[in-house]
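Right, one structure below, let's go through it.
The values are calculated or read from the model by the stated rules, or taken from the named source; none is laboratory data. Quantities reported herein were computed from a predicted structural model and do not represent experimental measurements. Glycine also receives a Cβ, built like all others from the backbone with ideal geometry; neighbour counts cover every protein chain displayed.
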Amino acid sequence: MTTTELSDIEKKSLEEIPHPSLPEGTSIYGGTKVFPDLQAEAGESYFTLVHGIAHESSVSFVAVLQATRAIRKGFETAIYFYGPGSLNCLATRGFPTTGTSAFPGEHNINDQLKTFMAEGGKVYCCRFGLSLHGAREEDLIEGVIPTHPLDVQDALIYYARKGAIINSTYQL
């Protein structure tokens, strides 16, 4: 660690409260799960809509993690990316080359989508959402199903009629 000279006021601020106040590994939250760990019943579905951009917040990534958990609970599960959310489905993420992470976690969404599909989930991506941002259909992660813009509403109706649990995420 580099030693930097601190002013008297900076030293005073650092010394007011001990840091860290608790040693690493200290539990500061309880672990009681309040709701039962429910599993899917025969024929149940889980459908997620994602209208958020990777790395702009955790919204898109958390939606994929929730959908992955739903698959592991036995639900027939699908994720539909539309609008700016379509950018989550690009295999061309990376810098200075595709597939190279410029920062830790740059490919979290890519890796999690691949895991989700490998475990049986379906991923849909709106072609119009891609076009709004100059993204190309050929740049989609392998296995992502490109869809027509009118499919967004029909997919929602389809899964609603099936009685699916619908998780709709939206980021402004």
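Selection within the stretch 89-115: residues that are among the hydroxyl-bearing types (Ser, Thr, Tyr) and either within 16 Å of Glu138 (Cβ to Cβ) or in contact with a Cys (Cβ under 7 Å, 6 or more places away or on another chain) (or both). The member of this set that is surrounded by the most Cβ atoms within 10 Å (Cβ to Cβ) is Thr92. When we screen Thr32, Thr4 for residues that are among the hydroxyl-bearing types (Ser, Thr, Tyr), in a loop (DSSP other than H, G, I, E, B), under 30 Å from Leu113 (Cα atoms) and out of contact with any strand residue (DSSP E or B) (no Cβ under 7 Å at 6 or more places or on another chain), the only hit is Thr32. Going by the structure shown, is Asp139 modelled with pLDDT of 95 or more and in contact with a Leu (Cβ under 8 Å, 6 or more places away or on another chain)? So Asp139 passes the test. Taking the conditions exactly as written (touching a residue at least 40 places away in the same chain (Cβ under 8 Å), outside any helix (DSSP H, G or I) and surrounded by fewer than 12 Cβ atoms within 10 Å (Cβ to Cβ)), does Gly120 satisfy them or not? Considered against the rule, which asks whether it is touching a residue at least 40 places away in the same chain (Cβ under 8 Å), outside any helix (DSSP H, G or I) and surrounded by fewer than 12 Cβ atoms within 10 Å (Cβ to Cβ), Gly120 comes out as yes.
Counting residues in the stretch 70-81 that are over 24 Å from Val152 (Cα atoms), of a type in the set (Lys, Arg), modelled with pLDDT under 95 and over 12 Å from the mean Cα position of the chain (by Cα) gives zero. Counting the residues of the stretch 58-69 that are at pLDDT below 95 and more than 9 Å from the chain's Cα centre (by Cα) gives 0. Close contacts from the stretch 146-161, counting a first residue that is within 17 Å of Leu132 (Cβ to Cβ) and a second that is assigned to a helix (DSSP H, G or I) and of a type outside the set (D, E, K, R), with Cβ to Cβ under 6 Å and a gap of 6+ residues or different chains, come to Pro149/Phe128.
With respect to being outside any strand (DSSP E or B) and touching a residue at least 24 places away in the same chain (Cβ under 8 Å), Ser101 falls outside the description.
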